[in-house]
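The values are calculated or read from the model by the stated rules, or taken from the named source; none is laboratory data. Because the structure is predicted, anything quoted here is derived from the model rather than measured. Because the Cβ atoms are built from the backbone with ideal geometry, glycine has one as well, and the counts that use them run over all protein chains shown.
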């Protein structure tokens, strides 16, 4: 009896802030792009800053290949609002959760202040 190839499924990785906080922005982006190219969907506990999101999109656009990598889908919450005292003291709030995945596997359905609803697209697409 031959060995049947198992359905590989879709990998969703929940990434803690501890995993990414010791990395530089460049290292973070490289890690994210490498994981997404492997077909993984990432949920970052602490999201990316607006500058990191912009850099991620720029890097991704340079690596698009219609046959192997068509891009990313990214959705997240911005930084928490800071109060006047926090701004005066220079306290910067970290960005909140971000969901990142291959554009052909993930689609954002709805987003509000409390919920990011995504659909994971399975099966072959024509």
- request: Taking the residues in segment 63-76 that are in contact with a strand residue (DSSP E or B) (Cβ under 9 Å, 6 or more places away or on another chain) and not in a strand (DSSP E or B) as candidates, determine which candidate is surrounded by the most Cβ atoms within 10 Å (Cβ to Cβ).
  value: 71
- line: Within segment 27-51, residues out of contact with any strand residue (DSSP E or B) (no Cβ under 7 Å at 6 or more places or on another chain) and modelled with pLDDT under 85 come out as 50
message: I'd like to know if segment 13-21 contains one or more residues that are at pLDDT 75 or above, part of a strand (DSSP E or B), within 20 Å of residue 119 (Cβ to Cβ) and touching a strand residue (DSSP E or B) at 6+ places or on another chain (Cβ under 9 Å).
response: yes
message: Being surrounded by 12 or more Cβ atoms within 10 Å (Cβ to Cβ), at pLDDT 80 or above and not in a strand (DSSP E or B) narrows it down to one residue among 60, 82, 54; which is it?
response: 60
Some residue of segment 102-125 being under 24 Å from residue 16 (Cβ atoms), under 10 Å from the mean Cα position of the chain (by Cα), surrounded by 16 or more Cβ atoms within 10 Å (Cβ to Cβ) and at pLDDT 85 or above: yes
